[in-house]
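**Q** To start, I am sharing the structure in question, which I have written as structure tokens.
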Amino acid sequence: MDSNPQPEDRQNPDPEHAEGPASEHAVRSPGEIGGKKFRVGVDDAYVPFRNRTKRRRKTLALVLGGLLILGVGAYGLVNLVTAPEQNTADASCKAGSAHALGADAQLPAVAAAPAAAGSATGAAKFTLNVYNSTQRHGLAAHTATELKQRGFVIGQVTNDPLKANLAIAAQVRGGKSQAAEERQVAAEVPGAQIQTDSRNDPSVDLVLGTGFTSLASTQQVTSALQAAAVAEASASAAADDAAHCAH
């Protein structure tokens, strides 16, 4: 037996126990936080997870921006198509309003005819009661005489049955169906106020207050009736235009 064993040949190890070549997947570069699942290919450069997240956010932002632009463009196209129809409807409504204003401008000349002829034109259709709400004796009787001369049919002439003690010039009372007659009586007294009640008969009350001095002149009555007619026609035309444009 050889007492000096030969040293193992470390340069030629047993092929079965020889270590294979180092796997590229097992070696991580400095700063790498993951293995194969963080790479696209073996030879590809490592892309940090944080950078890929930023890229995804940018892509999502671009997609959302594109959708927003498309939505705004579609909205503008719809408005462009429907605008002519709306402009046509608005022009029709404005034309109707202008026509109504033109008709109102002609009302004073038409309303002046019955006013110039005196109050008797419409006065005979209703009975006018003259009441005194002040302490001035004979005020109702004196005023009723003047109104009778202007063509009104006078009914009762006495103190105010409601005892209102009015501080204004006068108050005209009547039913809702007597609006035209009430305006005619109110035109006879500057500063008169109209107060509707629940009566059904065609009578109208003229209640004189402490602010009353005298009846209006013929010119004042004419102007007051014209103004009332224009205001009523304007309100009616505006209501009609609003109803027409609403449809």
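The values are calculated or read from the model by the stated rules, or taken from the named source; none is laboratory data. Remember, predicted model here, so these are calculated numbers, not experimental data. Methodologically, a virtual Cβ is constructed for each residue, glycine included, from the backbone with ideal geometry; neighbour enumeration extends over all protein chains shown. Protein only, heavy atoms only, side chains kept; ligands, DNA and RNA dropped before computing areas. Shrake-Rupley method; radii C 1.70, N 1.55, O 1.52, S 1.80 Å.
**Q** I need the peptides 56-67, 125-136 ranked by packing, meaning the mean over residues of other C-beta atoms within 10 angstrom, with the highest value on top.
**A** 125-136, 56-67
**Q** Okay, next question. So what does residue 68 come to for accessible area, using a 1.4 Å probe and Å² rounded to 10?
**A** Accessible area, nearest 10 Å²: 120 Å².
**Q** Please give the contour-minus-distance gain from residue 179 to residue 136: 0.36 nm per residue of separation, less the Cα-Cα distance, rounded to one decimal in nm.
**A** Full-extension gain reported as 12.6 nm.
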